[in-house]
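What follows is a single structure, written as structure tokens, with notes after it.
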Amino acid sequence: MNSDSLRYWTPNQFESSSMRFKINKKKIQLGTDNTGLCTYTYNELGFRSDSIYNKGFKIMSIGCSNTEGVGVNDNQTWPHQFSKLISNGIDLNFGASGRSNDYISRCLLSYYDLIKPDLILIMYTSPQRREVYTKNSGVKPFLYEDSWGFLREAEEGKMIQNNLLLLQNENEDFMNWYKNHLLIKLFLESKKCNWIWNGWFNIPPEYLEFNRFDGLYGKFVDYGTDGGHPGPQHNKTYAEKLFKHIETNFPSYLPNENQTYTSNLI
């Protein structure tokens, strides 16, 4: 075993590839969007997010491309539109295209103590996706629907892709999601942090918890520029419905009028 892989569970070396190349940059292409019609702006950590140094009510959103916002501009993602419904809302969007529920739990545990969020919004992705740790201590995203990067180009990667496809079944996929979900749940309960989760992406509808809210996700009102991800209106509608749900059922999750903010970061 090479313990060097543990560095990916720290905020300083969380990702070995995509994140570090996005730090403080603007892009016009992301994932399936090659139209050049959208602006993708990244912060000092390499996420499509407000600065972590901003003072205010910190909303940490974690998910895949639907959270990062492929096909829409910076101000049209659902995390950004949700944050604007809250006074002094800070949009800390940790969504990353093509990532898994393994990624979501790793991201939360790696960044929570740095961010110290006031509210966490998790949009789980397909249970069939995974994170793969290679013999050289790299961490790579596995997508059942399409291989990319190392899992497509390297011989070792192709072998891993094929073997994972053979090992997959619905029970294995569900249990991998469930383990990540329990890790997240127990961690956030220990931190006494408020959170809402969305399971529209193949999490069985009968798996109900008090803080699950799928809203209208899965039935897109409109589409982004890539034609495959939700568009600005859909993100807006989802953000508004999610806010209303929290306002009605969990009013204590939202800031009070007299709340003041100081930065937790040095």
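The values are calculated or read from the model by the stated rules, or taken from the named source; none is laboratory data. Note that the structure is a prediction, hence the values are computed from the model and not measured. As a convention, Cβ positions derive from the backbone with ideal geometry for all residues, glycine included, and neighbour counts pool all protein chains shown.
General remarks:
- Unique match (being on the phi < 0 side of the Ramachandran plot, in contact (Cβ under 8 Å) with a residue 40 or more places away in the chain and basic (Lys, Arg)) among ARG152, ARG99: ARG99
- Scope the range 124-161; condition more than 27 Å from ILE196 (Cβ to Cβ), among the basic types (Lys, Arg) and either in contact with a Gly (Cβ under 7 Å, 6 or more places away or on another chain) or outside any loop (DSSP other than H, G, I, E, B) (or both); matching residues: LYS140, ARG152, LYS158
- Contact annotation: residue pairs with Cβ atoms under 6 Å, 6 or more positions apart or on different chains, pairing a residue in the range 73-94 that is within 10 Å of ALA239 (Cα to Cα) with a partner that is β-branched (Val, Ile, Thr), are SER83/ILE59.
- Residues (part of a loop (DSSP other than H, G, I, E, B), touching a strand residue (DSSP E or B) at 6+ places or on another chain (Cβ under 8 Å) and closer than 22 Å to TRP78 by Cβ) located in the range 30-55: CYS38, THR39, TYR42, PHE47, ARG48, SER49, ASP50, ILE52, ASN54
- Complete set of residues in the range 53-72 that are surrounded by fewer than 21 Cβ atoms within 10 Å (Cβ to Cβ) and either touching a Leu at 6+ places or on another chain (Cβ under 8 Å) or within 20 Å of PRO232 (Cβ to Cβ) (or both): TYR53, PHE57
- The range 165-193, subset in contact (Cβ under 8 Å) with a residue 40 or more places away in the chain and not in a helix (DSSP H, G or I), residue farthest from ILE203 (Cα to Cα): CYS193
- Residue check for ASN75: over 21 Å from ASP214 (Cα atoms) and in contact with a strand residue (DSSP E or B) (Cβ under 6 Å, 6 or more places away or on another chain): no
- Taking the range 24-51 as the range and being of a type in the set (A, V, I, L, M) and farther than 19 Å from ARG99 by Cβ as the test, the residues that pass are ILE28, LEU37.
- Inclusion of LYS116 among residues that are out of contact with any Leu (no Cβ under 8 Å at 6 or more places or on another chain), modelled with pLDDT of 95 or more and surrounded by fewer than 21 Cβ atoms within 10 Å (Cβ to Cβ) is warranted.
- Residue match in the range 163-175 (condition: in contact with a strand residue (DSSP E or B) (Cβ under 8 Å, 6 or more places away or on another chain), of a type outside the set (Phe, Trp, Tyr) and within 26 Å of THR39 (Cα to Cα)): no
- Beta carbons closer than 7 Å, at least 6 apart along the sequence or on distinct chains, pair a first residue in the range 209-235 that is among the β-branched types (Val, Ile, Thr) with a second that is outside any loop (DSSP other than H, G, I, E, B) and surrounded by 14 or more Cβ atoms within 10 Å (Cβ to Cβ) for VAL221/GLN233; VAL221/HIS234; VAL221/THR237; THR225/ASP33.
- Residue ID - surrounded by the fewest Cβ atoms within 10 Å (Cβ to Cβ), chosen from residues in the range 119-145 that are farther than 27 Å from ASP74 by Cβ and out of contact with any strand residue (DSSP E or B) (no Cβ under 8 Å at 6 or more places or on another chain): LYS135
- Across the range 75-108, the qualifying residues are those that are part of a strand (DSSP E or B) and more than 8 Å from the chain's Cα centre (by Cα), and the one among them that is farthest from ASP146 (Cα to Cα) is GLY89.
- Residue in the range 114-137 that is touching a residue at least 40 places away in the same chain (Cβ under 8 Å), within 22 Å of ASN24 (Cα to Cα) and of a type in the set (A, V, I, L, M) present: yes
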